[in-house]
Amino acid sequence: MNSQIKYPFAIGKETNKLVSVDEVKNGKKCNCYCYECNEDLIAVNNVTNKRAHHFRHDPKSICNANYETFIHWMAKEVLKGLKSIELPEIRFKTLNDDYVQVFQNFEKRITKLYDDYNVPVDLRHSYKYDFVIQESKILEFDNCLFEEPIRTKMGLIVVDVVLKKGNNYIFLEPFYSNPIDSFKYQKLVDHDNSTLSIDLRPFHFSNNNFFTIDEFKEYLISERSKSWVLIREKKVKGLINKFFQKLEKRLNIDMPIFKEFITIQKAIKSLNVEQEILIKAMSKLNNKEYSKEDELNKIKEDYSLRYK
């Protein structure tokens with residue numbers, strides 16, 4: 001039983017579509033029902049009400065819905081009305097994490113490029129892993145399928161959302177607290193299809209339980225809601241070639257920076273050497289002073305003992 005949940009949206013009985021609590025009449029006259037249990041909902045939106053406007057169940061409700069299932073369902077409902085989304089950028093790290101074996105064959109080629117362009121060792125790691133291979137871009141699609149069963153060699157998986165454009169398609173997996181587990185991930189790898197996850201938590205943390213459809217829609221469309229789970233191997237090979245083209249072009253542009261960096265490194269090293277020499281010289285000088293003082297004290301001590 002979870003009848004205390006407050007929802008900003010419900011399903012209108014007349015249209016069978018999402019409606020905001022501010023679009024309907026107050027109370028049971030809202031003519032809306034719950035997505036989970038199909039029970040009638042009560043709209044709390046009276047202008048004199050100081051509480052945030054929302055839908056709620058009757059106190060006697062036995063609905064088992066929770067906020068996680070609600071926002072997951074809500075994401076699918078909003079995606080039904082979209083025709084495009086923004087894909088996140090692809091960095092070298094994104095590919096390298098998923099295709100370590102593929103990239104191991106290219107490490108020597110990358111190292112040779114760095115050697116040819118005299119890239120300082122201290123810059124090589126971050127320079128490579130932060131490199132953007134493909135910028136964020138808009139993906140247009142014809143239709144959207146939900147809870148689609150997909151057969152793989154490892155068994156059946158159910159994909160939350162499938163976006164189709166002609167013969168091409170991409171998988172979407174919205175989640176709140178349970179991202180794709182390792183078992184499902186291995187099946188996706190076996191199927192070899194590009195897959196994105198949509199993290200719903202940041203939106204909830206920023207907006208709590210009260211937000212507009214347009215605000216949620218903007219979040220789902222934007223690249224900041226998504227991350228790459230998997231990229232097709234065929235696509236990866238094309239991105240690798242693109243990576244080397246862009247890398248060599250950028251290395252050529254950044255050569256003056258590398259030269260300046262090396263010059264600064266040498267200057268710092270030279271200063272460090274000079275400082276080290278100075279410290280050693282001061283240390284020797286102090287030791288000599290101490291030894292002379294010790295010797296003088298010893299003479300004084302001997303003299304006093306001799307003529308005591």
With the checklist (1) at negative phi; (2) part of a strand (DSSP E or B); (3) out of contact with any Leu (no Cβ under 6 Å at 6 or more places or on another chain) in hand, flag the one item I180 doesn't pass.
(2)
Flagged pairs (Cβ under 6 angstrom, 6 or more apart or on separate chains; first in region 43-68, over 23 Å from F205 (Cα atoms) and without any contact (Cβ under 8 Å) to a residue 60 or more places away in the chain; second outside any loop (DSSP other than H, G, I, E, B) and of a type in the set (S, T, Y)) are none
Does at least one position in region 232-255 carry a residue that is assigned by TED's automatic domain parsing to the domain that holds E140, modelled with pLDDT of 80 or more and assigned to a loop (DSSP other than H, G, I, E, B)?
yes
Of all residues in region 243-257, how many are surrounded by 11 or more Cβ atoms within 10 Å (Cβ to Cβ) and more than 30 Å from the chain's Cα centre (by Cα)?
1
Sole exception among (1) farther than 30 Å from L139 by Cβ; (2) surrounded by 15 or more Cβ atoms within 10 Å (Cβ to Cβ); (3) acidic (D, E) for E86, by number
(1)
Those residues of region 60-80 which are small (G, A, S) and at pLDDT below 90, in sequence order:
S61, A65
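For (1) without any contact (Cβ under 8 Å) to a residue 60 or more places away in the chain; (2) β-branched (V, I, T); (3) under 19 Å from I85 (Cα atoms), each residue gets a yes or a no:
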{"position": "E140", "(1), (2), (3)": "yes, no, yes"}
{"position": "L145", "(1), (2), (3)": "yes, no, yes"}
{"position": "T152", "(1), (2), (3)": "yes, yes, no"}
{"position": "G155", "(1), (2), (3)": "yes, no, no"}
{"position": "L163", "(1), (2), (3)": "no, no, yes"}
{"position": "N168", "(1), (2), (3)": "yes, no, yes"}
{"position": "F175", "(1), (2), (3)": "no, no, yes"}
{"position": "N178", "(1), (2), (3)": "yes, no, no"}
{"position": "S182", "(1), (2), (3)": "yes, no, no"}
Is it fair to say D97 is modelled with pLDDT of 85 or more and assigned by TED's automatic domain parsing to the domain that holds P202?
no
Can you name every residue in region 183-226 that is surrounded by 17 or more Cβ atoms within 10 Å (Cβ to Cβ) and either in the same structural domain as R56 (by TED's automatic domain parsing) or in a loop (DSSP other than H, G, I, E, B) (or both)?
N193, S194, L200, F211
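The values are calculated or read from the model by the stated rules, or taken from the named source; none is laboratory data. Nothing here was measured: the structure is a model prediction, and the numbers come from that model. Neighbour counts run over all protein chains shown; Cβ positions are idealised from the backbone, glycine included.
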